[in-house]
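Beneath this line is the structure, given in structure tokens, with notes to follow.
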Amino acid sequence: MTDLPLALALFLLANLAVALWRVLRGPTQADRMLVAVLFGTTGVAILLLLAEAQGVPALVDAALVFALLAAIAGAAFSVRAWRQSTRPDGAKERAHDPD
Amino acid sequence: MSLSPFDLLLAVMLLLTAWRALVAPDPFRATVLFIVFGLLMALAWARLSAPDIALAEAAIGAGLTGALLLDAVGHLRAVRRQSSPPGGDKAREAAK
Amino acid sequence: MPDSEHRRSAILRPGFSSLLSVALFGGLWWVLAEGAWRAWGVGAVTVIAAVAASHLLWPPRVARVSPVGLAAFLFFFLWQSLRGGLVVAALALRPRLRLRPDLHELDLRLPPGPARVLLADALSLMPGTVSAGLAGDTLTVHLLDRGLVTEADLRQAEGKVAALFGLKLSAGEGGEGAGD
Amino acid sequence: MILTELASTVLLLAGGAFFLAGTVGLMRFPDVYCRLHALAKVDNLGLGLVVLGLMLRADGLAQALKLGLVWLLALAASATVAYLVARRALRRGIAPWRGEGP
């Protein structure tokens, strides 16, 4: 009975592996950005399950940080790494200038 | 604590992402793989019952470094895009 | 604690709302510390800093939340996100995958600001819709399947968000129960 | 006591099932937007069920609420990221997949 959380964590890790393979394969860069959403849910679930399985409640804090980071990574992906657009309306992107 | 299937799978995933990150053809893909590696590493620390290191790895290793690297990728692209088209000389002048 | 009285009162202007934030952040701290009372020394400082930061970043009275609307919205939201998960899971597991995705443009009647953001976020978690762009007064929504969602569903969600913020929507069919 | 245990087990297993469905959707759906649907909704429901199952096992109100807080944060994060990804993909001109005919 107490092994259920760890077994479920293994199951979720297998899910994560499969999903990661799918997401990292592309084809577009937007697909790769999905890793942020993926870790924001599956990673958090795995951490929570590990916290229960190993009796380390502090891992819940790590899960909180994971969820927070998912948002930050997603924002960094879409705002920072893609600051130019392929369409010719790049006037707004040009506003950024390195000094 | 003996080696469970969980640890085995996690180790394999870590090695795979590390290898893919090293051989990735373009910086964006390498950065994504780096972030994934960091998050998996945080899971590994969690599995080793080291919540504080897991927290630091996720926050600094994956989050902060990942965001900085993504920013750098964006800069590289912007620079490369400005210098590649024929009318890009003016933009390069402005950058200097 | 009150070392510089007037400066603090300058930051925390409206009394009731700052009292509310203190209670809110205090509760948050209590939850985060897992009910450990020993952590209150750090907690008090953190709560004060959090209240000050939230007042600086998001001045009060930007949004007034109606409690009844909040309850209704939460109930609606939880139910819809449960339904959303079930519906999309069923679609994914169906042996013959038959999707008819589409983009839908929704003309918003909500005012700009937090209400629109909340609607965009909430729609992403509801059955068959993901928000894909907010430009001017138009919210672009990606539909997983055209047969799954109707304009009325989107309008209903909009109405619930309006009720949460105690707003009255202008004309239209979805303006049900925007009470105070 | 045994009832809580049972309910928790059922909730955890149901959560796992939803994660599986989400992964299946991720594998089968044709484009980024559809995959976002699988991730943003199905996986979040799975996480919600797992959180509920773990809440039943928590040792106190504060701990249970903290688990709920993690779920809320994950919800907000994935809704926001889903929106950002979809918007950016649309602006980049990645056309949504349209199935068979209009």
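Within the accessible area of chain D, what % is carbon and sulfur when the probe is 1.4 Å and the other protein chains stay in place? All intermediate terms of the calculation are to be shown ahead of the outcome.
Values: 2770 of 3780 Å².
So the carbon and sulfur contribution to the accessible surface is 73 percent.
Once A and B are treated as a pair rather than alone, how much accessible area drops out, both sides summed, in Å² to 100, probe 1.4 Å? Walk me through the numbers on the way to the answer.
Working: alone 7380 and 6960 Å², together 11020 Å².
Counting both chains, the buried surface is close to 3300 Å².
Total accessible area buried between chains D and A, 1.4 Å probe, in Å² to the nearest 100? Mind dumping the intermediate values first?
Details: alone 7400 and 7380 Å², together 10860 Å².
Approximately 3900 Å², summed over both chains.
How much of residue B:75 can a 1.4 Å solvent probe reach, expressed as accessible area in Å² and rounded to 10?
In the full protein context, residue B:75 sits at about 60 Å².
Keeping all protein chains in place and using 1.4 angstrom, which order do C:79, B:45 fall into by accessible surface area, from largest down? It would help to have the intermediate numbers written out before the result.
Working: C:79 140, B:45 70 Å².
If we order C:79, B:45 from most to least accessible, we get C:79, B:45.
What accessible area per residue comes out for the stretch B:27-84, rounded to a whole number of Å², with a 1.4 Å probe? The partial results should precede the final answer.
Numbers: 2410 Å² over 58 residues.
Heavy-atom SASA per residue in the stretch B:27-84 reads 42 Å².
Under 1.5 on a/c is rounded, so check that first for the stretch B:12-70, then, if it is not, pick prolate when a/b is larger than b/c and oblate when it is not; a ≥ b ≥ c are the square roots of the alpha carbon gyration tensor eigenvalues.
Cα axes put the stretch B:12-70 in the oblate bin.
How would the stretch C:67-164 be classified by its alpha-carbon gyration tensor: rounded, prolate or oblate, with rounded meaning a/c under 1.5 and the a/b versus b/c comparison settling the rest? Provide the component values of the computation, followed by the final result.
Values: a/c = 2.64, a/b = 1.41, b/c = 1.87.
Oblate is the answer for the stretch C:67-164, as a/c is 1.5 or above yet b/c matches or exceeds a/b.
Around residue A:62, what is the net charge, scoring Lys/Arg as +1 and Asp/Glu as -1 over all other residues with Cβ under 11 Å from its Cβ?
Values: positive: none; negative: A:61, B:52, B:57.
Summing Lys/Arg as +1 and Asp/Glu as -1 gives -3.
With contacts defined as alpha carbon pairs under 8 Å and 6 or more residues apart, what's the relative contact order of the stretch D:23-102 in percent?
On the way: 37 pairs, mean separation 27.2, N = 80.
So the answer I get is 34 percent.
Can you tell me what the convex hull of the Cα atoms of chain D projects to on average, as an area in nm²? Before the final figure, lay out the partial values.
Working: hull surface 30.9 nm².
With every direction weighted equally, the projected area is 7.7 nm².
Would you mind checking which residues have amide H under 5 Å from residue C:134's amide H? H placed 1.01 Å from N; only 5 or more apart, or other chain.
Amide H neighbours of residue C:134, under 5 Å, 5+ apart: C:140.
Let me check against my output: what whole-number percent is the relative contact order of the stretch C:67-164, with C-alpha pairs under 8 Å and at least 6 apart? Could the numbers behind the result be given before it?
Details: 121 pairs, mean separation 37.5, N = 98.
Relative contact order, the stretch C:67-164: 38 percent.
Could you state how much accessible area residue C:40 has, in square angstrom rounded to the nearest 10, with a 1.4 Å probe and all protein chains kept in place?
Solvent-accessible area, nearest 10 Å²: 80 Å².
Whenever you get a sec, compute what percent of the accessible area on the stretch C:67-164 sits on carbon and sulfur atoms (1.4 Å probe). Intermediate results must be reported in sequence, preceding the final value.
Working: 2620 of 4060 Å².
On the stretch C:67-164, the fraction of accessible area on carbon and sulfur atoms equals 65 percent.
What does the buried accessible surface come to for C and D, summed over both chains, with the probe at 1.4 Å? Round to 100 Å². Walk me through the numbers on the way to the answer.
Values: alone 11640 and 7400 Å², together 15770 Å².
It comes to approximately 3300 Å² buried between C and D.
Just which residues of the stretch B:24-38 lose 10 Å² or more accessible area with every protein chain there, against their chain alone, with the probe set to 1.4 Å?
B:28, B:29, B:32, B:33, B:35, B:36
Under 15 Å from the Cβ of residue B:33, count the other residues' Cβ atoms, weight Lys and Arg +1, Asp and Glu -1, and hand me the total. Before the final figure, lay out the partial values.
On the way: positive: A:22, A:25, A:32, B:20, B:29; negative: A:31, B:26.
So the environment of residue B:33 carries a net charge of +3.
What nm distance separates the two modelled labels at residue C:103 and residue C:24, each placed 7 Å from Cα along Cα→Cβ?
3.5 nm
So how do C:153, D:59, B:71 rank on accessible area, 1.4 Å probe, biggest first, that is with the largest at the start?
D:59, C:153, B:71
The values are calculated or read from the model by the stated rules, or taken from the named source; none is laboratory data. Computed from a predicted model, the values in this text were never measured in an experiment. Heads up, the Cβs are rebuilt from the backbone with ideal geometry, glycines too, and the neighbour counts pull from every protein chain shown. Each accessible area value is taken on the protein alone, full model and side chains, heavy atoms only, with ligands, DNA and RNA left out. Shrake-Rupley method; radii C 1.70, N 1.55, O 1.52, S 1.80 Å.
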